[in-house]
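Reading through the structure tokens given below for one structure.
The values are calculated or read from the model by the stated rules, or taken from the named source; none is laboratory data. Predicted model, so just to flag it, every value in this text is computed and none were measured. All Cβ positions, even for glycine, are placed from backbone atoms using ideal geometry, and neighbour counts span all protein chains on display. To get the accessible areas, we keep the full protein, side chains included, count just its heavy atoms, and leave off ligands, DNA and RNA. Shrake-Rupley method; radii C 1.70, N 1.55, O 1.52, S 1.80 Å.
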Amino acid sequence: MNLVVNGDAESGAGGTADPVTEVRGWQVAQGAPALIAYSLGGGYPTPSDPGPARRGSRFFAGGNSARTALVQDITLPRTGRTGRRAVDAGRVRYTLSAWLGGYAGQEDGARFSVEFRDAKGTPVALSVLGPVGAGDREGRTGLLERTAEAAVPPTARSARLLLVFTRSGGGTSNDGYADALSLTLSADGGHR
């Protein structure tokens with residue numbers, strides 16, 4: 001089960017290149033993101049550009065701020081196969097996944113990270129995806145998949161997700177893009 005709320009930019013206001021002040025499930029910590037429709041055109045990613053095979057109708061973009069940051073805090077399960085006992089015994093793994101990209105030959109980009117925290121809120125592990133540069137995209141507009149997988153650190157009780165878009169050059173548009181953001185937990189059945 002994906003623990004990320006609205007990781008596909010489908011909920012709430014948006015659909016154009018205009019920045020929004022609120023994004024369902026996320027706290028806008030800096031800047032103003034845009035939730036852009038794949039059908040918008042005008043140089044933005046389209047359904048025929050590289051991206052998730054099963055994409056919805058919209059994706060995240062950095063809006064017109066030089067740096068835009070979205071934050072989401074998730075409480076990890078208390079019980080069950082991926083609950084606290086299993087985490088502390090080292091039997092839970094996580095997979096962080098995102099489709100990240102940008103516009104043509106520009107180096108504007110997006111990073112997606114998870115910071116696991118203990119009960120006091122102290123960071124105990126960090127995993128970062130991206131950015132995906134113009135070289136990675138071969139100068140094409142689009143999004144490429146990035147993933148990381150590891151054990152959830154013992155004592156982890158929450159996860160802070162951070163989605164950051166950075167404009168690297170001129171212009172007014174922050175053309176870092178993201179879609180299909182996912183954080184999943186799985187029980188490691190190998191150690192009993």
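Condition first: surrounded by 13 or more Cβ atoms within 10 Å (Cβ to Cβ), within 13 Å of Glu10 (Cβ to Cβ) and not hydrophobic (A, V, I, L, M, F, W, C). Now tell me which residues in region 35-57 satisfy that. Break it down stepwise before answering.
Residues of region 35-57 surrounded by 13 or more Cβ atoms within 10 Å (Cβ to Cβ): 35-38, 40, 44-46, 49-52, 55-57.
Now drop any that are not within 13 Å of Glu10 (Cβ to Cβ), which leaves 35-38, 52, 55-57.
Tyr38, Pro52, Arg55, Gly56, Ser57 - these are the residues of region 35-57 that are surrounded by 13 or more Cβ atoms within 10 Å (Cβ to Cβ), within 13 Å of Glu10 (Cβ to Cβ) and not hydrophobic (A, V, I, L, M, F, W, C).
Could you give me the residue pairs with C-beta distances under 6 Å whose first residue belongs to region 58-84 and is under 16 Å from Leu161 (Cβ atoms), whose second residue is of a type in the set (D, E, K, R) and open to solvent by 40 Å² or more (accessible area, probe 1.4 Å) wherever it lies, and which are 6+ apart or on separate chains?
Short answer, once both residue conditions are applied: Asp73/Arg160; Leu76/Arg157.
Does Ser97 fit the bill of being surrounded by 15 or more Cβ atoms within 10 Å (Cβ to Cβ) and under 18 Å from Ser182 (Cα atoms)?
Considered against the rule, which asks whether it is surrounded by 15 or more Cβ atoms within 10 Å (Cβ to Cβ) and under 18 Å from Ser182 (Cα atoms), Ser97 comes out as yes.
Which count do you get for residues in region 169-187 that are of a type in the set (Ser, Thr, Tyr) and either modelled with pLDDT of 95 or more or buried (at least 24 other Cβ atoms within 10 Å of the Cβ) (or both)? So that I can check it myself, show each step before the final result.
Pass one, region 169-187, residues of a type in the set (Ser, Thr, Tyr): 172-173, 177, 182, 184, 186.
Subsequent filtering for residues that are either modelled with pLDDT of 95 or more or buried (at least 24 other Cβ atoms within 10 Å of the Cβ) (or both) retains 177, 182, 184, 186.
Number of matching residues: 4.
Looking at the structure I just gave you, is Leu163 open to solvent by less than 40 Å² (accessible area, probe 1.4 Å) and under 16 Å from the mean Cα position of the chain (by Cα)?
Criteria met by Leu163.
Given Arg24, Arg78, which one is among the basic types (Lys, Arg), within 30 Å of Lys120 (Cα to Cα) and out of contact with any Gly (no Cβ under 9 Å at 6 or more places or on another chain)?
Arg78
Taking Glu115, is it over 12 Å from the mean Cα position of the chain (by Cα), open to solvent by 50 Å² or more (accessible area, probe 1.4 Å) and of a type in the set (D, E, K, R)?
Spelling it out, it is not the case that Glu115 is over 12 Å from the mean Cα position of the chain (by Cα), open to solvent by 50 Å² or more (accessible area, probe 1.4 Å) and of a type in the set (D, E, K, R).
Restricting the search to region 103-157, which residues are more than 26 Å from Arg58 (Cα to Cα), among the basic types (Lys, Arg) and not in a strand (DSSP E or B)?
Answer for region 103-157, where residues must be more than 26 Å from Arg58 (Cα to Cα), among the basic types (Lys, Arg) and not in a strand (DSSP E or B): Lys120, Arg157.
Given the condition closer than 30 Å to Gly170 by Cα, hydrophobic (A, V, I, L, M, F, W, C), at pLDDT 95 or above and under 20 Å from the mean Cα position of the chain (by Cα), answer yes or no: does some residue in region 40-55 qualify?
No: region 40-55 contains no residue that is closer than 30 Å to Gly170 by Cα, hydrophobic (A, V, I, L, M, F, W, C), at pLDDT 95 or above and under 20 Å from the mean Cα position of the chain (by Cα).
Just to verify a result, which residue in region 70-102, among those that are assigned to a loop (DSSP other than H, G, I, E, B) and out of contact with any Pro (no Cβ under 9 Å at 6 or more places or on another chain), is farthest from Met1 (Cα to Cα)?
Top of the filtered list is Arg91.
Can you name every residue in region 3-34 that is outside any strand (DSSP E or B), surrounded by 17 or more Cβ atoms within 10 Å (Cβ to Cβ), small (Gly, Ala, Ser) and free of Cβ contacts under 8 Å to residues at least 60 places away in the same chain?
Matches in region 3-34: Gly14, Ala32.
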